[in-house]
Amino acid sequence: AQPKEPALPLFYGWFLISEVEEKIKCSTMEFLKTLDTLEAFKKHISEFTGDADKEVDLEQYFQTKTPLHCTTEFCDYGKAEGAKEYAEQQVVKDSCGTGTELSVVGLIVTPRTFGAHVSLTPEQLLLWPTGADKVGIPPADLPGVEALPVGSRAHVTLGCAAGVEAVQTGIDLLEILILQQGEEKAVTVEELELGTLSYMGQGRWYLALREPVTCDAIFSSFSE
Ligand code: ACK
């Protein structure tokens, strides 16, 4: 009989080491608290609540999904297209268990997701699958996506609204980056201690961090 092929994982990615995970959870929750109290945010509250008079506690609104990580390849145990080819790459095999520093350059908040925008180094991009930025994007939005640099989708999902899947964070991030590239410039709402906060319409917020936050992470596969 043929030896059984090893099963493919759910996904590959960089996983924040536990001390960093705790730190990031705390500091990003602080940001949500700040956002919640801003008049500019309250003005657009109905995009989160459906009702301009309703309040929202953003810390409760988003459910954290751990372990915090930046997905490279979603394999879906081999059901996803290209999963096997990705897993077989020498660079992927060699990188498993190795450490790296992820650079978080911004935070996004939308009515669906809360996430960290990660800027990948050329070395990290070697682990970024070709075409990964476009997976699951409606064809009508593709021209905008294709104009973005490779790796633009790289993110850490920090939380999702009830009933929302984590895959949405990358899509929300791309949508925001496409808007930033477009003609319509974002409205800069406020200079915060952390950085510049912009409102992108339809409940979408982007905080460009004044200083990127470096997070120690380990490349690995993940299966449930
Ligand atoms: O926040 P994420 O990157 O979004 O981390 C989780 C991880 O895989 C485990 O679910 C991501 N994910 C789920 N489905 C997909 C998909 N179709 N394409 C890309 N990433 C996905 C999810």
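Here, each number is a calculation from the coordinates, and none is a lab measurement. All values reported here derive from a predicted model rather than from experimental measurement. Every residue, glycine among them, receives a Cβ derived from its backbone with ideal geometry; neighbour counts consider all protein chains shown.
For segment 101-224, would you read off the P(r) tail past 20 Å as a percentage of all alpha carbon pairs? Can you show the working numbers first?
Working: 3419 of 7626 pairs.
Beyond 20 Å sits 45 percent of the P(r) for segment 101-224.
Among Phe11, Phe222, rank each residue by its count of other Cβ atoms within 10 Å, from fewest to most, as a rough exposure measure.
Values: Phe11 20, Phe222 14.
By the 10 Å Cβ count, ascending, the order reads Phe222, Phe11.
Contour minus end-to-end for Glu211 and Ser46, with contour as 0.36 nm per residue of separation and end-to-end as the Cα-Cα distance?
Answer, rounded to one decimal: 56.3 nm.
If the only charges are +1 at each Lys and Arg Cβ and -1 at each Asp and Glu Cβ, what is the size of the charge dipole of segment 6-69 around the Cα centre, to the nearest 20 debye?
220 debye
Could you tell me the relative contact order of the chain? Use alpha-carbon pairs under 8 Å, at least six residues apart, and round to a whole percent.
Normalised by residue count, the contact order of the chain is 30 percent.
Beyond 30 Å between alpha-carbons counts as too far, so tell me which of Lys42/Lys65; Lys25/Lys84; Lys65/Lys93; Lys33/Lys79 fall in that bin. Kindly include the intermediate steps, with their values, before the conclusion.
Details: Lys42/Lys65 26 Å; Lys25/Lys84 33 Å; Lys65/Lys93 26 Å; Lys33/Lys79 39 Å.
Table pairs above 30 Å Cα-Cα are Lys25/Lys84; Lys33/Lys79.
Quick one: net charge around Asp53, please, counting Lys, Arg +1 and Asp, Glu -1 for every other residue with C-beta under 13 Å from its C-beta.
Residues near Asp53 contribute +1 overall.
Pick out, from Tyr199, Gly97, Cys75, the residue whose Cα sits farthest towards the positive end of the charge dipole of the chain, with +1 on the Cβ of Lys and Arg and -1 on the Cβ of Asp and Glu.
Cys75
Once you compute Rg and the Kirkwood Rh from C-alpha atoms, what is the Rg to Rh ratio for the chain? Provide the component values of the computation, followed by the final result.
Details: Rg = 18.0 Å, Rh = 18.3 Å.
Using Cα coordinates only, the ratio equals 0.98.
Quick one: compute the contact order of segment 21-102, relative version, from alpha carbon pairs under 8 angstrom and 6+ residues apart, as a percent.
16 percent
Below 15 angstrom from the Cβ of Val150, what's the summed charge of the other residues (Lys, Arg +1; Asp, Glu -1)?
With Lys, Arg at +1 and Asp, Glu at -1, the neighbours total -2.
What distance in nm lies between label points placed 7 Å from Cα along the C-beta direction at Cys96 and Glu193?
4.3 nm
Using Cα-Cα distances under 8 Å and only pairs 6 or more residues apart, what relative contact order does segment 147-224 have, in percent?
Values: 65 pairs, mean separation 13.1, N = 78.
Once normalised by length, the contact order is 17 percent.
Take the alpha-carbon centre of segment 1-73, take the same for segment 99-175, and report the distance between them in whole Å.
A separation of 13 Å, based on Cα centres.
How big, in percent, is the set of alpha carbon pairs in segment 115-170 lying more than 15 Å apart?
Here the long-distance tail beyond 15 Å is 53 percent of all Cα pairs in segment 115-170.
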